[in-house]
Each structure stands twice: as structure tokens, then as C-alpha cells.
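In what follows, a single structure is set out as C-alpha cells and then discussed.
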Amino acid sequence: MTPGHYYLSGQCTNSLGVGILINKSCNCKVLQYQEIIVGRMQRIQLEIEDKVLNIFNIYDAPNNEDINFFNILEINLETFSDQTLLVGPILIQLHLIH
């Protein structure tokens, strides 16, 4: 069995890690891969049936309220706004400030 394509980002620990796996039978062409934040955010751009799709794989926002994470996400979403898909365990915690 021949494996498909895989794109991994992370560290050699028990935390921080994302990956995009593409089945070998997928009829798509990888146009671009970007590791945006190591172990937390990556993007792959695919061409599928003459259409371009950007897939962002996101592993949770940082537990501390790091606004930089959200700024980076916003900039990338604005840059690649057409045909975009967000995937991953995106658990964003909102805190009320009194």
C-alpha cells in the first residue's frame, strides 16, 4: 500500500502538534503548504477539479489569552478568504471580564 501525502508540524513532546493527511486516492494537486505557527496552525492549498481550496488546520488557541495567535489567524483568513475551510480541535475559551 502506497501512502498518500502528509504534512506534520510540531515538537517531539506530548503536546503541540498538527497534521494534514491526504489519501493517495484523492484526485488533487498540492499547490502550497505553509507552517504558520509550529505545532498549532498550518495551511495547505489544494487544487481539486479546477477549484482552489485553502485548508487551515488549527490546534486550539493558547490557554493564555495570546492576542497574537488570533491576529495571525485573522491575517491569514483575510489573505486566503476564498474557498477556505477551518479544521481541527478549535477550542476557544471566552472569559467575561468584570
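The values are calculated or read from the model by the stated rules, or taken from the named source; none is laboratory data. Predicted model only: the values in this text are computed from it and were never measured. Here the Cβ positions follow ideal geometry from the backbone for every residue, glycine too, while neighbour counts run over all protein chains shown.
Restricting attention to the range 31-52 and to residues that are surrounded by fewer than 15 Cβ atoms within 10 Å (Cβ to Cβ) and touching a strand residue (DSSP E or B) at 6+ places or on another chain (Cβ under 6 Å), the residue that is farthest from ASN76 (Cα to Cα) turns out to be ILE48. Residue count for the range 1-23, restricted to those that are over 24 Å from LEU73 (Cβ atoms) and either in contact with a helix residue (DSSP H, G or I) (Cβ under 7 Å, 6 or more places away or on another chain) or modelled with pLDDT of 85 or more (or both): 1. Here the condition is being among the hydrophobic types (A, V, I, L, M, F, W, C), surrounded by fewer than 10 Cβ atoms within 10 Å (Cβ to Cβ) and either modelled with pLDDT under 90 or part of a helix (DSSP H, G or I) (or both); of LEU94, LEU77, it holds for LEU94 alone. Against the criterion of being among the polar types (S, T, N, Q), part of a helix (DSSP H, G or I) and either in contact with a helix residue (DSSP H, G or I) (Cβ under 8 Å, 6 or more places away or on another chain) or under 20 Å from SER9 (Cα atoms) (or both), ASN54 does not qualify. Taking the criterion of being part of a loop (DSSP other than H, G, I, E, B), charged (D, E, K, R) and either under 13 Å from the mean Cα position of the chain (by Cα) or on the phi < 0 side of the Ramachandran plot (or both), the residues of the range 4-51 that qualify are LYS24, ARG40. Look at the range 29-56: where a residue is under 16 Å from LEU85 (Cα atoms) and free of Cβ contacts under 8 Å to residues at least 12 places away in the same chain and a partner is part of a strand (DSSP E or B) and of a type in the set (S, T, N, Q), sitting 6+ places away or on another chain with Cβ atoms under 9 Å, you get GLN34/GLN42; GLN34/GLN45.
What single numbered condition from (1) under 18 Å from LEU16 (Cβ atoms); (2) in contact with a strand residue (DSSP E or B) (Cβ under 8 Å, 6 or more places away or on another chain); (3) in a loop (DSSP other than H, G, I, E, B) fails to hold for ASP82? Single failed check for ASP82: (1).
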